[in-house]
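So the structure is just underneath, and the comments pick up after that.
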Amino acid sequence: MIIIHIPITDTIDVCLINVGQGTPFISVLELRPLNDSLYNPSEPGSPLRYNQWDFGTQQERPSIIREKDDIYDRIWNPFTWGSWVSINSSFVSSSFSTSDYKLPGIVMVTAARPSNESEPWGINLVIDDDPARKFYMYMHFAEVEDLKGEIREFTIFMNDEPYGWPVVPRFLFTDTIYSKYSMSGSTLKKLSISLKRTNRSTLPPIINAMEMYTIKELSQSSSQQSDVDAIKRIKSDYAVSRNWQGDPCLPMEYQWDGITCTHNTSPAIISHCKNLSSSNLFGNILPSFSSLKSLQNLNLTGNNLTGPVPQAVIDKFKDGILRSWRKSKSLSVSLMPRKGGGGEDEVLHSVLISILSAIVLLILITAFVIFIRKLTKRRKTKGIYNNGAVTECSKEGSLKPGNFEFSFSDVATITNNFSRPIGRGGFGNVYLGNLADGTQVAVKAKLLTRIHHKNLVNLIGYCNDGTNMALIYEYMFNGNLQQNLSGRETADVLNWKQRL
């Protein structure tokens, strides 16, 4: 496949997608520079090669012409017909290649004319698959015979309609006639091209070569160049270990993971909320974030970024463009009143917390926690369960797993005085209970551990009140392992695959 594409960005991204016809693959990808004024259709899209014909070849076994003979690396297919006569020049002249299209001399040195000189030269292209398909045509002419005072002049016809002015080929120089607007096969399912000599012409028409292209419509425009450059700098400078390749926003179904884009005329990045959080990033916050002009959300949590937030990012937040800003854990971000100007506006201000300050703060917090725990045990307080109300809950409203301490009277209240036994473990009896917020728990006794595993229940808390000890776990609504294995008291019994 050969396509002529005029990029609007500094890079060209090629993406192969499985459209239900098998795993895509590519063997070779070659790029060739080309003057963008040569093959420039009037309608949106990129010219896709339909065919390129070399007419009038006289080789017994004609071969495809490409590469070393054509600086634009076009592929020329030799073509002849029984009603044509091949003619050629006695030598290959470099003047053939002086036109803008740089036609190779080996192609232009031969031509085809009708065997009956009084008849027109013609070719019919059958278009069965899509009669409405649009074509762009480029016809190349050069005189290869010494006319010795005779005249060769002819008119081009498309589907029996005259096309353009009469053509008079120049001796050993290439002239190209092309269609400014597309043509189609109409209802006849064919495209008919003919060359008819004019009344004053003494010689039949000739043609040396012809190219035809269809239009490949690219419905999705490339992402904004500033966004592409910015996000690639971010990826490179932070050494982001993500499979980020090609255009960050296109194709729409395969945009970069963690990135959200607009999909108007030129896609732009508006959200960067997932893939840079908890990505083990170090260093300063890059100014490149400010180059994402449409960015509305930015999440840098879970990293170790230091230094001030770039002023351009602050301005985005202040102006309301950047709506959501989630900072790195090593940054302290606050709203501070602006000095001067007599206004009460607030601006985003960042303060770097040094590593030494973080260590000192951690030591102080640890020492304080140890002191409080020892003081609590010494005074035999009731811990976090006080007067029947849990005083430490997660922000989401559910109790997080942890070693919360309960008094024996608290445990008795939770289990309704141990009135609902639901099983027995290696530690002792297990009782169903309810916390003050309605959370159901399972309560058993002695061994204190803290284990987090997807196949084990979470430890909610414990009781260590003198000789009274108990553990508080999540309640298993679907029964314990023994019940599921034996089928007792449960509707569903584990099959052998689930057991293994």
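The mean sequence distance of close C-alpha pairs (under 8 Å, at least 6 residues apart), as a share of the length of the range 88-242, puts its relative contact order at 32 percent. Here the gap between Leu34 and Thr262, fully extended at 0.36 nm per residue and compared with their Cα-Cα distance, gives a gain of 78.9 nm. Looking at the range 64-163, the GluC sites (Glu not before Pro) that sit in a DSSP loop and have at most 13 other Cβ atoms within 10 Å of their own Cβ are Glu117, Glu150.
Taking 0.36 nm per residue of separation and subtracting the current Cα-Cα distance, fully stretching the chain between Ser226 and Val457 would add 78.1 nm.
Scan the range 154-258 for GluC sites (Glu not before Pro) in coil per DSSP, keeping those whose Cβ has at most 12 other Cβ atoms within 10 Å, and list them by number. Write out the running numbers ahead of the final one.
Numbers: sites: Glu211, Glu217, Glu253; in loops: Glu217.
Here the GluC sites (Glu not before Pro) that fit, given the DSSP loop and packing criteria, are Glu217.
Among the chymotrypsin sites (Phe, Trp or Tyr not before Pro) in the range 40-148, those placed in a DSSP loop whose Cβ has at most 10 other Cβ atoms within 10 Å are Phe91. In this structure, the pairs whose alpha-carbon distance is over 25 Å, taken from Lys102/Lys196; Lys190/Lys216; Lys68/Lys190; Lys148/Lys196; Lys235/Lys316, are Lys102/Lys196; Lys68/Lys190. Of the residues Trp81, His5, Ile65, the one whose Cα sits farthest toward the positive end of the charge dipole of the range 1-160, with +1 on the Cβ of Lys and Arg and -1 on the Cβ of Asp and Glu, is Ile65. Rounded to the nearest whole Hz, the Karplus-based 3J(HN,Hα) values (6.51 cos²θ - 1.76 cosθ + 1.60, θ = phi - 60°) of the range 84-98 follow the sequence 10, 10, 8, 10, 7, 7, 6, 8, 8, 9, 5, 5, 4, 9, 7, with x at glycine and proline.
Can you tell me the FRET efficiency between Arg66 and Phe282 if r is taken as the Cβ-Cβ distance and R0 is 30 Å, rounded to the nearest 0.05? Write down the numbers at each step before the final one.
Numbers: r = 51 Å, r/R0 = 1.70.
FRET efficiency, Arg66 to Phe282: 0.05.
Summary of the geometry: the range 224-259 and the range 1-68, compared by the centres of their Cα atoms, lie 27 Å apart. Note: relative contact order over the range 198-257, using C-alpha pairs below 8 Å and six or more positions apart, is 29 percent.
If R0 equals 56 Å, the separation of the Cβ atoms of Ala436 and Asp130 corresponds to a calculated FRET efficiency of about 0.15.
Read-outs: derived from the displayed coordinates by stated rules, not from any lab. Worth saying up front: this structure is predicted, and the values here are computed from it rather than measured. For neighbour counting, all protein chains shown are included, and Cβ atoms are generated from backbone atoms with ideal geometry for every residue, glycine included.
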